[in-house]
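Asks: My structure is below; once you've seen it, I'll send some questions.
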Amino acid sequence: MPRDNMTSTVQRVAKQALTTFRTPSVASEHNKVFSENLSKLKALLSEVRAADLKIVPRSIESSPIPPSRIAPPVTYMHIYQSDAFSIGVFLLKTGASIPLHDHPGMYGMLKVIYGKVRISCFDRLDKPRDGASGVQFNPPLMPFQRSSLRPTVLKSVGEYTEESSPCVLSPQKDNIHQIDAVDGPTAFLDILAPPYDPDDGRDCHYYKILHAHSEAADRKNEAQGQGDLWLMETPQPNEFWCGGEPYPGPNVSL
């Protein structure tokens with residue numbers, strides 16, 4: 001392997017990602033060794049810039065993306081994948097979003113390399129399936145829709161640029177999230193550990209947030225339009241699809 005690849009920033013990131021995630025059984029922030037390795041990986045990710053990946057930041061388009069399928073709103077550059085993790089770059093056009101989705105049983109790490117993204121994170125709440133029995137929705141839901149509802153809470157909304165530290169999503173916290181391009185095109189380096197694998201129960205699910213009021217909701221909240229938040233699983237939104245494009249940067253070899 002050429003020396004520039006051996007010493008490239010992305011090669012060092014990938015090597016640390018393998019060290020961090022190679023043993024899934026210890027992948028918990030309560031494990032001291034794992035936590036230390038995760039901190040090292042975050043520090044390395046913080047150094048990554050677009051130039052390290054030989055990616056030229058895209059210019060601002062004259063207008064937001066149209067609601068058509070002429071070109072995908074989001075594209076992906078594959079860099080490397082193993083059983084332990086995957087690494088690649090997502091590129092979002094002006095006005096594009098990666099809609100609300102999850103990474104079941106997976107860690108996610110995002111490092112913006114140009115532009116700005118807004119990441120909204122939600123957590124499921126532990127309540128029984130019938131917890132929505134006394135909740136009113138407008139328009140009303142069908143019985144099969146109610147059976148898939150889960151109560152949720154908005155945990156955080158943050159904006160990230162290339163100067164920001166990586167955003168870290170764990171299997172237990174901030175796992176359900178939406179990513180929006182802010183003020184123009186943007187791109188981020190993305191690590192998933194382990195990668196998606198539908199055969200192993202790690203498939204991507206999309207969600208819609210529903211605002212509702214329980215029968216016991218007080219008048220003040222109703223007057224202000226406030227209420228409980230619920231997750232409803234949905235098919236992949238029609239306006240979202242992801243294309244692919246070649247990765248121009250240093251290869252990764254582990």
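The values are calculated or read from the model by the stated rules, or taken from the named source; none is laboratory data. Remember, it's a predicted structure, so these values are computed and weren't measured experimentally. Using ideal geometry, Cβ is built from the backbone for each residue, glycine included, and neighbour counts are taken over all protein chains shown. For the accessible areas, the whole protein counts, side chains as well, though only heavy atoms, and no ligand, DNA or RNA atoms are used. Shrake-Rupley method; radii C 1.70, N 1.55, O 1.52, S 1.80 Å.
Asks: Among 186-195, 115-124, how do they line up by average Cβ neighbours within 10 Å per residue, starting with the highest?
Replies: Final packing ranking: 186-195, 115-124.
Asks: State the percentage of accessible surface on the chain attributable to carbon and sulfur atoms; use a 1.4 Å probe and exclude ligands, DNA and RNA.
Replies: Working: 6920 of 13690 Å².
The nonpolar share, carbon plus sulfur, comes to 51 percent.
Asks: Taking 0.36 nm per residue of separation and subtracting the Cα-Cα distance, what length does fully extending T7 through K40 add?
Replies: Details: separation 33, 0.36 × 33 = 11.88 nm, distance 1.65 nm.
Extending this stretch completely gives an extra 10.2 nm.
Asks: Turning to a different aspect of this structure: Tell me, what is the FRET efficiency for D126 and H78 to the nearest 0.05, using R0 = 51 angstrom and their Cβ-Cβ distance as r? Mind showing how you got there, number by number?
Replies: Values: r = 36 Å, r/R0 = 0.70.
E between D126 and H78, to the nearest 0.05, is 0.90.
Asks: Keeping all protein chains in the complex and leaving out DNA, RNA and ligands, what accessible area do you get for V56 with a 1.4 Å probe, in Å² to the nearest 10?
Replies: 110 Å²
Asks: So, one more: How high is the FRET efficiency from V182 to S25, r the C-beta distance, R0 45 Å, rounded to 0.05?
Replies: Step by step, r from the Cβ atoms, then E = 0.75.
Asks: Sticking with this structure for a sec: With every protein chain left in place, what is the accessible area of M142 in Å² (1.4 Å probe, nearest 10)?
Replies: We get 110 Å² for M142.
Asks: List, in order, the whole-Hz ³J(HN,Hα) value for each residue of the stretch 169-176 obtained from phi through the Karplus relation with A = 6.51, B = -1.76, C = 1.60 and θ = phi - 60°; use x for Gly and Pro.
Replies: Along the stretch 169-176, the couplings run 10, 10, x, 9, 10, 6, 6, 9 Hz.
Asks: Around Q16, under 10 Å between beta carbons, what's the net of Lys plus Arg minus Asp minus Glu among the other residues? Write down the numbers at each step before the final one.
Replies: On the way: positive: R12, K15, K40, K42; negative: none.
The answer is +4.
Asks: Can you compute the modelled spin-label distance between I70 and C204, with each label point 7 Å from Cα toward Cβ, in nm?
Replies: 2.4 nm
Asks: Please list, in order along the stretch 109-114, the HN-Hα scalar couplings obtained from phi with the Karplus expression 6.51 cos²θ - 1.76 cosθ + 1.60 (θ = phi - 60°), rounded to whole Hz, x for Gly and Pro.
Replies: Along the stretch 109-114, the couplings run 9, 10, 10, 5, 10, 6 Hz.
Asks: In addition: Can you work out ³J(HN,Hα) from phi for every residue in the stretch 180-188, in order, using Karplus 6.51 cos²θ - 1.76 cosθ + 1.60 and θ = phi - 60°, giving whole Hz and x for Gly and Pro?
Replies: After applying 6.51 cos²θ - 1.76 cosθ + 1.60, I find 10, 6, 10, 6, x, x, 8, 8, 9 Hz.
Asks: For every other residue with a beta carbon closer than 9 angstrom to the beta carbon of T75, add +1 if it is Lys or Arg and -1 if Asp or Glu, then tell me the sum.
Replies: Combined, the nearby Lys, Arg, Asp and Glu give 0.
Asks: Another one. Quick check: residue separation of K32 and S165 times 0.36 nm, minus the Cα distance between them. What number comes out in nm? Mind dumping the intermediate values first?
Replies: On the way: separation 133, 0.36 × 133 = 47.88 nm, distance 2.11 nm.
Length difference between fully extended and current span is 45.8 nm.
Asks: Using the Kirkwood radius over Cα pairs, work out the Stokes-Einstein diffusion coefficient for the chain at 20 °C and 1.002 mPa s, in µm²/s as a whole number.
Replies: 109 µm²/s
Asks: Same structure again: Where both partners of a DSSP beta bridge lie in the chain, what percent of those bridges are antiparallel, to the nearest 5?
Replies: Details: 55 of 58 bridges.
Antiparallel: roughly 95 percent of the beta bridges in the chain.
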